[in-house]
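Heads up, the thing below is written out as C-alpha cells.
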Amino acid sequence: MGRAVGTSVRRMDGDDKVTGAAKYVDDLSFPDMLFGATIRSTISCGEIVNTHIGLPPEFVVADHRDIPGANHVALIDPDQPCLAEGPIRHYAEPVLLVAHADRRALFGVEARIRFDYRERTPNYDPERSDTCFKQIAIDKGDLARGFGDADTVIEGEYRTGHQEQLYIEPNGVIAVPGDGQITVYGSLQCPYYVHKALVVVTGLAPARVRVVQAETGGGFGGKEEYPSMLACHAAILAIKSGRPVKMIYDRVEDLLATTKRHPSVVRHRTGVTRDGRMTAMDIDVVMDGGGYATLSAVVLSRGVIHAAGPYRCDHLRIRGRAMMTNTPPNGAFRGFGAPQTQFAIEAHIDRMAGALGLDPLRLREINALRPGDTTATGQTLGKDASALPVLREAVKRSGYKQKRRAWQGTNRGIGLSLFFHGSGFTGAGEVKLASKASLELTATGARILVASTEIGQGTRTMLAQIVADAMALPYSSIEVHAADTDAVPDSGPTVASRTCMIVGKLLERCARDLRRKLGKLTPAEYFTRHGAVVVTAQYEPPPGQVWDDQRYAGDAYGSYAWGCNVVELEVDPVTFEITPTHVTAVAEIGRAIHPVMAEGQIQGGTAQGIGYALLEEVVMRDGRMANAQLTNYIIPTPMDAPLIDVAMIERPYAHGPFGAKGVGEMPIDGPAPAVVNALRHCGFDVRAIPATPERLMAGKLKVEELAVESFS
Amino acid sequence: MIVTINGKRRRLDVAPMRRLLDVLREDCGLTGTKEGCGEGECGACTVLMDGVAVDSCLVPAAHAEGRAVVTIEGAAAAKRSARALQHAFVEHGGAQCGICTPGMIMAALPLKARSSRDQIKTALAGNLCRCTGYIAIFQSVEAALSPARKGARARRR
Amino acid sequence: MPPIRDVMPAFELFQPASVGDALGVLDRHGADAWVMAGGMDTFDWLKDRIKRPKVVVDLGMVEELRGIKDAAGGLEIGAMTTLTTVAHNPLVKERFPLLAEAALIVASPQIRNQGTVGGNVSQDARCWYYRAGWPCYRAGGNICYADTPTAINREHAIFNADRCVAVNPSDTAPALIALDAEFVIKRGSAERVVPAREFFVGPGIDITRLTVLQPGDLLTAIRIPATWAGKAHYFEKVRDRQVWDFALVNIAASLNMSGTTISDARMVVNGVAAEPYRLDAVEAAIKGKPRDKATADLAADLAVQGAVPLQHNAYKIPLVKALVKRAIRGEAEWATS
C-alpha cells in the first residue's frame, strides 16, 4: 500500500510542542516533592580526606554511604562512582547530594559544605596519560608493501577540541519513591540504560525500578549516558527522604559537569602514487576520554573504523587510544568519534591533492569506495555504497568546479568533504543488544511499544509511518506508547543512527506479523473477537553479517549512509572573519521515511557541524571549563546559519525498513572538513578547529605555498 | 502586584526580584515558557510584555507590575497569527525537540504579514535552536505570514 | 560551583519612584548598594553570586529617567531609556544615526527591549575568567588568568593593559564618545557632568571598575551636544556571531567635512582596552585631509601604534587597521579591500 512512508505526514508530537502543552521534566510536579542539588569537587585530582557539613536538619544530605546498592554508574566499565568516596579524578565530580522542600533554600548551600583535599598533580594531556581506557588496532594488507608502491608519502596532524551538545533543555530528572520501588521521570535518550544503572545503585530488583521518559528537549548524545548518573542521584535522595526529588541542572552546571565530544589528535601518513592512488594509510588516533571510561571505548571504536574515510586502500594500519585525563568525562555526541577522524582524513585529502598538484575532487573520485570494494575492516560493500553518487550530485548542484576555478585567488572559497557513517551499533553490538520491539493491536489500529525515544528527531512519527504501511492501515490509526520501562520492551538505546534502521525494521516485522494474524479482519473486528494481542520481534543479524572483535575485522555495520558537503564561504582577508554563505548537503540514506524530518536532521546536523568548525570552543583552565555560559560558549544563531541546500538520494538497503538506513548522525561528519578545505582554497592552512580568526591568521599560506595549493 | 497575564488581570503575591519566568511557571502554572540558559542567551523563555518580546529569565517580577504579559498558552487568544504560526511550525519542520518552539513563536508573534526573510531573521535573532539549523523555522514563519502559502501542505516528494 | 543559580541571594531591595528617592537610598547605603537598571548585567552577577551586595536599588520605577528630549539641537537621553527606544527614536536617527546604529546592534532583540543605555555604558567587563569568579586582579586577587600561557585571550586587550587584560564591552560607549556626549551624574544633592571619555577608567586608575561611578553616584542622563548632528559618521562592529556577541572590535567615528576634506573628526574603538580607546593621533593626523586611501593608510598605521597583542588576539591589530580605513573611506574601502 505505502501511503505514509515517503510522505511528510503531520508529526505526532507537533501540536503539543507548539502550544506549550508538551510536558518536559521540569514541567512535572509531584506532591511533597523535594528539590535536589549536587555538591561537586573543586579540584581535578586527589582525594577528599574530610567533609564538613553545616546544614540544619531540614536538609536531606546523602553521600556514598547512602547508596543501597553498588556505587558505580553502570555502563561499560564499573569505574565511575555515582558519588565520590575519596578519590577525585576531575573537577565537578559529584560528592554529596542535598535536598530541600524549598528550592530557594538550596541557594548558597555549597558555601556551608567544605571538603579537605589531598591534592595530586593532575594531567590534562591525553598523550602524556598513563591510563588507557581502550586501544584498538586495525590492520589490512601489508603496510610496508603499500608504502613501497607509493611515489610519495604525505603526513599530517589534525586536531579537534571538545564540543558541547548544547541541547536547549538542560539535564533533569524526578525520582518518585514507592513501596520498595522507584520511578524516575527524566529528559533522556535511553530508558533502559537508566534502568540498568538504577538497579545497580538502588539494589532493587529490576521489576521494582521504572524509568519513564518525559518530553525531551534535545539530546544529540548528551542524554545518552549522563542521565544514568543524574537519575541515580535523584533516586538516592528519594530513597533516603521517602519523598519525590526533582533535580534540574541549570546551564552552567550542565556545561561544567556533563559530557562533551572527545577532543582528538589524528596523525596520518599516507602513501600515494603520482596519479593519486592511495597505496598505504597509516593512521594514529588519540582521544581524550576525560576522568572515567564512560563510552570512550565505543566512541574510539566508531572513530577508528571511520578513520580511513570512504576510501579504498589495500594496505593500512590504524591505531587508536582513548586516554584518561583529569577532566570531566567525555562521551556521546552525534557522530560518536566519526566527526573527529573524518575531519582529519578529509582535511588530509585536500593537503595531499595540493602536494600532488591534483584537484581534491579528482583525488576523491580516484579513491572513493565503490560497491564491491572493502572498507578498512575488510567489509565488502553492497550495491548501496554511494560515495560516488553523492559526490557527483553535490558537485553538480553546487557548481563546485566552476566556482573553484572562478574564485581561485579571491577571498571566496569553496571546499568539499566526502564521508560515510555506519548505521546501528558497531560490530557485534546489535547482536549483543538483542533488541525487542512490540506492537499491540488496539480497537482502532495498533500501538507501538518500544523504548526508543522521541528527542526531536521524529521517532514516534517515523515508526508509526513504517507500521501503518506495513499493516496497510492509515497513519492516524497508529499510536505510540510512552517510553516507559514498565510497559515497553528494551528496543535498545536511542543512539547510533539505529532507531529507524534497526528498531524500524523490528516494527516492520511486527506489523507484517500482526497483519497476517488479522487476515481479512479489520483491527476492530479482530479486537472484538479475540481481544488484545501483542506481537514482538527480536533483532537478528542479516544473513552473512560477520564481525571478528579480536581482529577488529569484518562487517562493522549493517549498512552505511553516505554524504558529501560543499561549503562556500567568504574570508575577510584583513580581519579574518569567516562567513559561510552556502552549504550543499547531499545524503544517501536508503529511504527517507519522512522527507521533511529527514531534511531537518540533515540541516540541523550540518548547522552543528558549522558551529564545530567555526565557533564552538570549550576553554579549559585547570581542568575546568572556563567559558561555561552561553555568552561565551557560542553556537550558531539565526543570524549566522548559512543556507543549506539538502538533496537526499535513495538507494534502498535490503535489510532496512522500506530500504531506510540511518540519518541522524552522519550530517555532522562533513561540515568541519568542508569548511577547512574551503579555507585552504582561500589560502589558509588550518588543521585544527574551530577555525577562529587567530588560527586563520596563523595559518595564512605564503605565496610560494599558495603556488602549490592553487595548482588545482 | 497586579499583572495582566494572557488577558486576565491577576493579583500575585510574589517577591519583587523573583524572575518573571519562575512566577509564570511556578505560581501561574504556565509551564509552556521554558528555561534554556537563565542569562538571556537563548530566548527559550521569551514572552511578550506590552506586546514586546522580552527574556522572562531577566525580568524581575516587579518590572511586570501593571503590564500585560502574554505567554505561549495565551498566544492564540492574543493574536490572530498565532494559530497559523503554530500550524506551520508543525507542518514545515520548525519544531523538532520543541523546547525552543514556544519562545520562537512568541518572538515571531509581533511580525507583520508578509514579513521578509530578513525581517524574520531579525525578529528571531534572540532565540537559539540546536535542532533545525533554523531554515525550517524561517520557512514555517514565512508560510504562516504569507497568505499565498497559508495552509500550504507540507512539501511532498 | 553554586548548585542553584536561578535564585537571587538575600539583599534589601529598594524600588524608588524618583531620582531624589534613589539618591537618598544610595547615599544611605554607600558601598553596600548595587544599582540595577534593566537588569541585564545585574541578574548574572547576582545569580552567580560573584557579587553579593547588601542592598539593590532597582531603578525600574523611576519614570523620570526614561525618555529622549531635544536639548538645543542636541539630545538628552534618560539613562533608563531602552536600547530599542534609542535605536528607533526619530530624533536620534535624524541627528545621531551613529548612536542609533550602535544601539541597534547590541546583544539580541529581547535584550535591547529590556536593557538600557545607562546600563550599556556602565556594564562590567565580560572576561570569562573574571565573570566565572576566578580570583583575578579585577576581583581583588593577584593574578590575571587571561594573561597566562594556557589562557584563551582572543577577546582581550591589545592596548593599555595593566595587570588586567579585560576590555570594555559596550557598543554605545564609543559612539557616545565620538559624539562628544556628556554624562550627568548625581550624588546626594550635587550634580556633575562628565565628558563621555572621562566616564570610563582603565586598570591603572581603578582595576575593580570600568567607570568613574563611585558608591552613591547615579548616572541619570546622557547629553549629546548639537556639534555632530547631521555630520558624517561610521559605525561597525565585528563579532563572532551576528547577534548577542560582544564586539571583538567596534569602531565609532564622526567626521566633519568641509568640502572634500576632513575638518574635524572623532574616532573611537572598543573591545581593545579596558576603556573605549580614542584614537587621538588619528584624529589629529586626518584633519585637513581628504577621505582617500592615503589618509586611510596613514590613519591605520597610527591607530595601532603601541598595540601589544596577547597570545590569541594578534588578529585585532589588522582588524583595528581595517576598521579605521573603512571609517575614513566608507564604502570605497569596502569596494577595494
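The values are calculated or read from the model by the stated rules, or taken from the named source; none is laboratory data. The shown structure was predicted, so the numbers you read here are calculated from the model rather than taken from an experiment. Cβ coordinates were reconstructed from backbone atoms using ideal geometry, including for glycine residues, and neighbour counts include every protein chain displayed.
Looking at this structure, is A:A660 more than 9 Å from every other protein chain (Cβ to nearest Cβ), surrounded by 23 or more Cβ atoms within 10 Å (Cβ to Cβ) and of a type in the set (A, V, I, L, M)? Let's see the steps before the verdict.
Numbers: more than 9 Å from every other protein chain (Cβ to nearest Cβ): yes; surrounded by 23 or more Cβ atoms within 10 Å (Cβ to Cβ): yes; of a type in the set (A, V, I, L, M): yes.
For A:A660, the condition - more than 9 Å from every other protein chain (Cβ to nearest Cβ), surrounded by 23 or more Cβ atoms within 10 Å (Cβ to Cβ) and of a type in the set (A, V, I, L, M) - is met.
Anything in the stretch A:159-193 that is among the hydroxyl-bearing types (S, T, Y) and surrounded by fewer than 23 Cβ atoms within 10 Å (Cβ to Cβ)? List them, or say none.
Keep residues of the stretch A:159-193 that are among the hydroxyl-bearing types (S, T, Y), which gives A:160, A:167, A:183, A:185, A:187, A:192-193.
Within the stretch A:159-193, A:T183, A:Y192 meet the criteria.
Could you check the stretch A:146-174 and list, in sequence order, the residues that are under 16 Å from the mean Cα position of the chain (by Cα) and more than 30 Å from A:A99 (Cβ to Cβ)?
A:T160, A:G161, A:H162, A:Q163
Of all residues in the stretch A:600-641 being facing chain B (nearest Cβ under 7 Å) and among the small types (G, A, S), which is surrounded by the fewest Cβ atoms within 10 Å (Cβ to Cβ)?
Among them, the one singled out is A:A641.
Name, by its number, the condition in (1) under 23 Å from A:R624 (Cα atoms); (2) buried (at least 16 other Cβ atoms within 10 Å of the Cβ); (3) among the β-branched types (V, I, T) that does not hold for A:T51.
Failing condition for A:T51: (2).
Out of all the residues in the stretch A:19-32, is one or more acidic (D, E) and either modelled with pLDDT under 95 or under 30 Å from B:H87 (Cα atoms) (or both)?
Step one: list which residues in the stretch A:19-32 are acidic (D, E), which gives A:26-27, A:32.
Applying the additional criterion that residues be either modelled with pLDDT under 95 or under 30 Å from B:H87 (Cα atoms) (or both) yields A:26-27.
Yes, the stretch A:19-32 contains a residue that is acidic (D, E) and either modelled with pLDDT under 95 or under 30 Å from B:H87 (Cα atoms) (or both).
I'd like the full set of residues that are crowded, with 24+ Cβ neighbours inside 10 Å and in contact with a Lys or Arg (Cβ under 7 Å, 6 or more places away or on another chain), limited to the stretch C:104-113.
Listed by number, the list holds a single entry, C:V106.
Anything in the stretch A:316-331 that is assigned to a strand (DSSP E or B), of a type outside the set (A, V, I, L, M, F, W, C) and over 15 Å from A:R302 (Cα atoms)? List them, or say none.
Residues of the stretch A:316-331 assigned to a strand (DSSP E or B): A:316-324.
Okay, now just the ones that are also of a type outside the set (A, V, I, L, M, F, W, C), so A:317, A:319-321.
The answer is A:R317, and nothing else.
Just name the residue that is farthest from A:V583 (Cα to Cα) out of those in the stretch A:379-412 that are surrounded by 19 or more Cβ atoms within 10 Å (Cβ to Cβ) and charged (D, E, K, R). Lay out the reasoning, then the answer.
At the first step, the residues of the stretch A:379-412 found to be surrounded by 19 or more Cβ atoms within 10 Å (Cβ to Cβ) are A:379, A:381, A:384-387, A:390-391, A:393-395, A:398, A:400, A:404.
From the residues that got through so far, the ones that are charged (D, E, K, R) too are A:384, A:393, A:404.
Values: A:D384: 24, A:E393: 13, A:R404: 14 Å.
Result: A:D384.
Any idea how many residues of the stretch A:10-53 are at the interface with chain B (Cβ under 8 Å from one of its Cβ atoms) and assigned to a loop (DSSP other than H, G, I, E, B)?
Going through the stretch A:10-53 one residue at a time, the tally reaches 7.
Suppose the filter is outside any loop (DSSP other than H, G, I, E, B), at pLDDT 95 or above and closer than 22 Å to A:I668 by Cβ; does A:I366 pass it?
Values: outside any loop (DSSP other than H, G, I, E, B): yes; at pLDDT 95 or above: yes; closer than 22 Å to A:I668 by Cβ: no.
Taking the combined requirement at face value, the residue does not satisfy it.
Quick check on this structure: which one of A:T485, A:T536 is closer than 30 Å to A:K223 by Cβ, in contact with a Lys or Arg (Cβ under 7 Å, 6 or more places away or on another chain) and surrounded by fewer than 21 Cβ atoms within 10 Å (Cβ to Cβ)? Break it down stepwise before answering.
Values: A:T485 fails: surrounded by fewer than 21 Cβ atoms within 10 Å (Cβ to Cβ).
From the options A:T485, A:T536, the qualifying one is A:T536.
Take residues that are under 19 Å from A:T270 (Cα atoms), touching a residue at least 40 places away in the same chain (Cβ under 8 Å) and of a type in the set (D, E, K, R) and tell me which of the strands (runs of 3 or more DSSP E) falling wholly in the stretch A:136-188 contain 1 or more. Before the answer, list the steps.
Details: elements: A:152-160, A:172-178, A:181-186.
Of the strands (runs of 3 or more DSSP E) lying wholly inside the stretch A:136-188, those with at least 1 residues that are under 19 Å from A:T270 (Cα atoms), touching a residue at least 40 places away in the same chain (Cβ under 8 Å) and of a type in the set (D, E, K, R) span A:152-160.
What's the number of the only condition in (1) on the phi > 0 side of the Ramachandran plot; (2) within 30 Å of the chain's Cα centre (by Cα) that A:Y560 fails to meet?
Among (1) on the phi > 0 side of the Ramachandran plot; (2) within 30 Å of the chain's Cα centre (by Cα), A:Y560 violates only (1).
Need the failing condition index for B:R25 against (1) surrounded by fewer than 24 Cβ atoms within 10 Å (Cβ to Cβ); (2) basic (K, R); (3) more than 9 Å from chain A (Cβ to nearest Cβ), just the number.
(3) is the only condition that B:R25 fails.
If we only count strands (runs of 3 or more DSSP E) wholly inside the stretch A:242-309, which ones have 1 or more residues that are among the hydroxyl-bearing types (S, T, Y) and crowded, with 24+ Cβ neighbours inside 10 Å? I'd like the intermediate steps shown before the answer.
Values: elements: A:245-248, A:264-272, A:278-290.
It comes to A:264-272.
Going through C:A37, C:A71, C:A139 one at a time, which residue ends up being touching a residue at least 40 places away in the same chain (Cβ under 8 Å) and crowded, with 24+ Cβ neighbours inside 10 Å? First the steps, then the outcome.
Numbers: C:A71 fails: crowded, with 24+ Cβ neighbours inside 10 Å; C:A139 fails: crowded, with 24+ Cβ neighbours inside 10 Å.
Going through C:A37, C:A71, C:A139 in turn, the sole match is C:A37.
If you go through the stretch C:97-114 one residue at a time, how many are more than 9 Å from chain B (Cβ to nearest Cβ) and touching a helix residue (DSSP H, G or I) at 6+ places or on another chain (Cβ under 7 Å)? Talk me through it step by step, then tell me what you get.
Step one: of the stretch C:97-114, the residues more than 9 Å from chain B (Cβ to nearest Cβ) are C:97-106.
Narrowing the set further to residues that are touching a helix residue (DSSP H, G or I) at 6+ places or on another chain (Cβ under 7 Å) leaves C:98-100, C:102-104, C:106.
The qualifying residues number 7.
Could you tell me how many of the residues in the stretch A:349-374 are crowded, with 22+ Cβ neighbours inside 10 Å and charged (D, E, K, R)?
Count: 3.
Search the stretch C:43-68 for residues that are at positive phi and pair each with any residue that is modelled with pLDDT of 90 or more when their beta-carbon atoms are under 7 Å apart and the residues are at least 6 apart or on different chains.
Close Cβ pairs (under 7 Å, with a partner that is modelled with pLDDT of 90 or more) amount to C:G67/C:G78; C:G67/C:T81.
What's the number of the only condition in (1) at pLDDT below 95; (2) surrounded by 20 or more Cβ atoms within 10 Å (Cβ to Cβ); (3) within 14 Å of chain C (Cβ to nearest Cβ) that A:M697 fails to meet?
The failed condition is (2).
Can you give me the ranges of the strands (runs of 3 or more DSSP E) entirely in the stretch A:521-606 with at least 1 residues that are of a type in the set (A, V, I, L, M, F, W, C) and farther than 24 Å from A:V467 by Cβ? It would help to see each step written out before you state the result.
Numbers: elements: A:534-538, A:559-571, A:578-588.
Result: A:559-571, A:578-588.
Criterion first (away from chain B (no Cβ under 14 Å) and part of a loop (DSSP other than H, G, I, E, B)) does C:G133 satisfy it? Can you show your working first?
Details: away from chain B (no Cβ under 14 Å): yes; part of a loop (DSSP other than H, G, I, E, B): yes.
Against the criterion (away from chain B (no Cβ under 14 Å) and part of a loop (DSSP other than H, G, I, E, B)), C:G133 qualifies.
Return only the number of the condition from (1) more than 28 Å from C:R239 (Cα to Cα); (2) surrounded by fewer than 21 Cβ atoms within 10 Å (Cβ to Cβ); (3) in contact with a Phe, Trp or Tyr (Cβ under 9 Å, 6 or more places away or on another chain); (4) not aromatic (F, W, Y) that C:V19 does not satisfy.
Result: C:V19 passes all but (3).
Report yes if A:E650 is more than 30 Å from B:V90 (Cβ to Cβ) and either at pLDDT 95 or above or within 12 Å of chain B (Cβ to nearest Cβ) (or both), otherwise no.
No, not satisfied.
Somewhere in the stretch A:216-235, is a residue more than 14 Å from chain B (Cβ to nearest Cβ), surrounded by fewer than 24 Cβ atoms within 10 Å (Cβ to Cβ) and in a loop (DSSP other than H, G, I, E, B)?
no
Please tell me if A:P81 is more than 11 Å from chain B (Cβ to nearest Cβ) and farther than 26 Å from A:S228 by Cβ. Give the derivation first.
On the way: more than 11 Å from chain B (Cβ to nearest Cβ): yes; farther than 26 Å from A:S228 by Cβ: no.
No; evaluated as a whole, the condition is false for this residue.
Among the strands (runs of 3 or more DSSP E) confined wholly to the stretch C:27-85, which include 2 or more residues that are in contact with a strand residue (DSSP E or B) (Cβ under 7 Å, 6 or more places away or on another chain) and within 14 Å of another protein chain (Cβ to nearest Cβ)? Quick ask: steps written out before the conclusion?
Values: elements: C:33-36, C:55-58, C:68-71, C:74-78.
Qualifying strands (runs of 3 or more DSSP E): C:33-36, C:55-58.
Is it the case that A:D102 is touching a residue at least 60 places away in the same chain (Cβ under 8 Å) and within 14 Å of chain B (Cβ to nearest Cβ)?
Numbers: touching a residue at least 60 places away in the same chain (Cβ under 8 Å): yes; within 14 Å of chain B (Cβ to nearest Cβ): yes.
Yes, satisfied.
Can you name every residue in the stretch C:165-199 that is more than 16 Å from C:Y277 (Cα to Cα) and outside any loop (DSSP other than H, G, I, E, B)? Please lay out each step first, then the result.
Initially, the stretch C:165-199 is screened for residues more than 16 Å from C:Y277 (Cα to Cα), giving C:182-194.
Once the filter is applied, which keeps residues that are more than 16 Å from C:Y277 (Cα to Cα) and outside any loop (DSSP other than H, G, I, E, B), the stretch C:165-199 yields C:E182, C:F183, C:V184, C:I185, C:K186, C:R187, C:A190, C:E191, C:R192, C:V193, C:V194.
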